[in-house]
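The values are calculated or read from the model by the stated rules, or taken from the named source; none is laboratory data. Note that the structure is predicted; figures quoted are calculated from it, not measured. Cβ placement follows ideal geometry from the backbone for every residue including glycine, while neighbour counts extend to all protein chains displayed.
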C-alpha cells in the first residue's frame with residue numbers, strides 16, 4: 001500500500017497508476033482470480049474430485065501446447081522487443097509486424113489443429129493411460145472441440161502484446177477475468193443442456209470475450225489499429241524465428257511436463273488430475289497477482305533500456321523489480337501455506353467436495369507454495385534475458401531442468417503419490433534460478449563491454 005501511495009504521489013495521476021503500471025496488472029489479476037475461484041467453487045460443488053473434471057482438465061493440454069509452442073514462443077520471446085523498436089520508429093511499422101505475426105500464427109494453428117483432430121485417436125491412450133472406454137472417447141471429443149481455442153487465443157495474445165508494449169496494462173490484464181466469466185456461464189447454463197460438452201462451449205465463449213476485450217481498446221483513435229492479412233516474410237519475422245527457436249524447445253518441454261504430470265496423475269486414484277489442477281490454480285494466484293505482474297510491467301522498460309544501450313539503468317531496474325517480486329511473493333506463499341486448509345474448505349468445500357478432498361488438496365497446495373517465489377523470480381529473469389534478445393540460455397536451461405523434473409516426478413509418484421508433482425516442480429525451479437542468477441551478471445558485463 002505504501003508503494004502504491006508513493007507511485008501515486010510521483011505520478012500525480014490515478015489513471016496512470018490504475019491503467020499503465022504494474023498495479024493495473026495486480027488489480028486485474030485479482031479480479032481474474034476472484035472469478036477463477038468462483039469458477040472452481042462451482043466446479044467443486046457440481047463435480048467434486050471426479051473423473052468428469054479429470055477429462056475436462058486433460059482436454060486442455062494439447063490445445064494449450066499448440067498455442068504455447070507454435071505461437072507463444074514468438075509472442076513471449078520476441079514480440080515486445082521487436083514491436084517496441086518498430087513502433088518507436090513509426091507506429092505503422094509496429095502494426096505491420098503485428099499483422100505478419102497474427103497471419104502466420106493463424107496459418108500454423110489451423111493446419112496443426114486439423115492434423116491433431118484427425119490423428120488424436122491413434123495416440124490418445126498414450127497421453128492419458130488411466131482413461132479407458134467411454135472416458136477416453138469423451139477426452140478425444142473435448143480435445144477436438146477445444147482445438148478452436150488456440151486459434152482465437154493466438155489473435156487475442158497478439159493484441160495483448162501490443163497493449164503491453166504501449167503500457168495499456170489494464171485492458172491486457174482484464175481479459176482473463178472475462179475468460180473465467182465465460183466458463184462460469186457454460187457451467188451454469190450450458191452443462192444442464194449439453195452435458196460435459198457444455199463446459200467446452202463455455203470455455204470458447206470465454207475465449208471470445210478475452211479477444212474482444214483486447215481488440216476494442218486498440219481500435220480507439222489513439223491507436224487506430226486495424227486487422228490486416230499480411231503474408232510478408234519481413235526481416236522482423238526472420239528475427240522472430242531466430243529468437244523463438246530456443247524458446248520452442250523450452251515451451252515444448254514445458255507442455256511435455258504438463259502432459260507427463262497429467263499422465264502421472266491419471267494413474268493415481270480418481271480425482272488426482274483435478275486435485276493437481278486445483279492446487280496449481282491456487283499456487284499460481286500469488287505468482288500471477290504479484291510475480292508475473294511485476295515481470296510483465298518491467299519487460300517493456302527493460303526492452304527500452306537494452307535498446308538504448310543503457311545497461312546501468314537496466315541493471316538498476318531489474319534489481320529493484322526482482323527484489324520486490326521476491327519479497328512480495330515469499331510473504332504471499334507463507335500466508336497461503338498457513339491458510340491452505342481453511343481457504344480450500346471455504347472456497348471449495350460442500351456439495352460433492354468432501355472433507356477428504358479438502359485434506360488432500362490443501363496438503364498438495366502447501367507443498368506447491370514453496371515454488372511461488374521461485375516461479376515468480378524465474379519470470380523476472382526470463383523477461384530480463386528476452387529484453388537482451390537472448391533466448392538461448394533460458395530456453396535450453398529450462399528444457400533441461402524440465403526433463404529432470406519429469407523423471408523425478410515419475411520416480412516419486414509410486415512413493416508419495418500426487419505430492420511428487422509439486423516436490424519435483426519446486427526442486428527444478430530452485431536449480432534453474434541458481435543457474436540463471438549465476439550467468440546473468442556475466443551476460444550483462446559482456447553487453448556493456450561491447451559498447452566500449
One residue from 151, 162 being closer than 20 Å to residue 208 by Cβ, touching a helix residue (DSSP H, G or I) at 6+ places or on another chain (Cβ under 8 Å), in a helix (DSSP H, G or I) and without any contact (Cβ under 8 Å) to a residue 60 or more places away in the chain:
151
Where in the range 12-90 are the helices (runs of 4 or more DSSP H), entirely inside, with at least 1 residues that are modelled with pLDDT of 80 or more?
22-47, 51-58, 61-67, 80-89
Given 371, 430, which one is modelled with pLDDT of 90 or more and either outside any helix (DSSP H, G or I) or surrounded by fewer than 18 Cβ atoms within 10 Å (Cβ to Cβ) (or both)?
430
Across the range 191-200, the tally of residues that are on the phi < 0 side of the Ramachandran plot and surrounded by fewer than 19 Cβ atoms within 10 Å (Cβ to Cβ) stands at 6
Exactly one of these conditions fails for residue 117: (1) farther than 30 Å from residue 226 by Cβ; (2) modelled with pLDDT under 85; (3) touching a helix residue (DSSP H, G or I) at 6+ places or on another chain (Cβ under 7 Å). Give me its number.
(2)
In this structure, is residue 326 part of a helix (DSSP H, G or I), at pLDDT below 85 and either over 21 Å from the mean Cα position of the chain (by Cα) or more than 30 Å from residue 55 (Cα to Cα) (or both)?
no
The one condition in (1) at pLDDT 85 or above; (2) assigned to a helix (DSSP H, G or I) that residue 233 fails to fulfil:
(2)
Would you check if residue 140 is touching a residue at least 24 places away in the same chain (Cβ under 8 Å), in a helix (DSSP H, G or I) and touching a helix residue (DSSP H, G or I) at 6+ places or on another chain (Cβ under 9 Å)?
no
Among the numbered criteria (1) in contact with a helix residue (DSSP H, G or I) (Cβ under 7 Å, 6 or more places away or on another chain); (2) surrounded by fewer than 23 Cβ atoms within 10 Å (Cβ to Cβ); (3) within 23 Å of residue 34 (Cα to Cα), which one does residue 284 miss?
(1)
For the list (1) more than 30 Å from residue 407 (Cβ to Cβ); (2) within 21 Å of the chain's Cα centre (by Cα); (3) surrounded by fewer than 19 Cβ atoms within 10 Å (Cβ to Cβ), I need the number of the one condition that residue 231 fails.
(2)
Residue within the range 391-402 that is crowded, with 22+ Cβ neighbours inside 10 Å and not in a helix (DSSP H, G or I) present
yes
Going by what's in this entry, would residue 269 be described as closer than 30 Å to residue 188 by Cβ and outside any helix (DSSP H, G or I)?
yes
Those residues of the range 41-56 that are surrounded by fewer than 23 Cβ atoms within 10 Å (Cβ to Cβ) and either in contact with a strand residue (DSSP E or B) (Cβ under 8 Å, 6 or more places away or on another chain) or farther than 17 Å from residue 202 by Cα (or both) come to a total of 4
Name the one entry in 317, 305 that is surrounded by 18 or more Cβ atoms within 10 Å (Cβ to Cβ), assigned to a helix (DSSP H, G or I) and free of Cβ contacts under 8 Å to residues at least 40 places away in the same chain.
317
Collect the residues in the range 305-323 that are within 11 Å of residue 384 (Cβ to Cβ) and modelled with pLDDT of 85 or more, keeping them in residue-number order.
314, 315, 317, 318, 319, 321, 322
Exactly one condition in (1) within 30 Å of residue 31 (Cα to Cα); (2) in contact with a helix residue (DSSP H, G or I) (Cβ under 6 Å, 6 or more places away or on another chain); (3) in contact (Cβ under 8 Å) with a residue 60 or more places away in the chain is not met by residue 209; state its number.
(3)
